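Have a look at the structure below, then the notes.
The values are calculated or read from the model by the stated rules, or taken from the named source; none is laboratory data. As the structure is a computational prediction, the values presented were derived from the model and not from experiment. All accessible areas refer to the heavy atoms of the entire protein, side chains included, with ligands and DNA or RNA removed. Shrake-Rupley method; radii C 1.70, N 1.55, O 1.52, S 1.80 Å.
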Amino acid sequence: MNAIWRGNSFGAGGWFEVLEDGNGEIVGSVGLRPYRGQWRKVELRKMYLKPSMRGRGLGRMLLERALEKARELGF
């Protein structure tokens, strides 16, 4: 599968991306949101993977992408 990331902000200081397959169908998503206004804490949100895409390591890829982005944003 060719993963295509489409990103956007998710509220103040947050982040959200969707994972598309090669046909432009959304197959997963992951987001981060600052945790109740506490500096340097972030909450994993909106992590979802289409059932037919599970068991392929894509969930791990979504989580690793979120962790990478959290570090990049200073959380």
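Listing for the model above:
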item: Amide H contacts under 5 Å for Glu43, placed H, 5+ residues apart; result: Arg33, Tyr35
item: Per residue, the convex hull volume that the Cα atoms of the stretch 30-75 enclose (Å³); result: 53
item: Amide H partners (placed H, <5 Å) of Val27, local residues excluded; result: Leu19, Glu20, Asp21
item: Residue-level accessible surface for Glu68, protein heavy atoms, 1.4 Å, Å²; result: 100
item: Lys41 accessible area, assembled protein chains, probe 1.4 Å, Å²; result: 110
item: Gain in span if fully extended, Arg56 to Asn23, counting 0.36 nm per residue against the direct Cα distance; result: 10.1 nm
item: The stretch 18-57 - accessible surface per residue (Å², probe 1.4 Å); result: 68
item: Gain on full stretching of the segment that runs from Glu68 to Arg45 - 0.36 nm per residue minus C-alpha separation; result: 6.8 nm
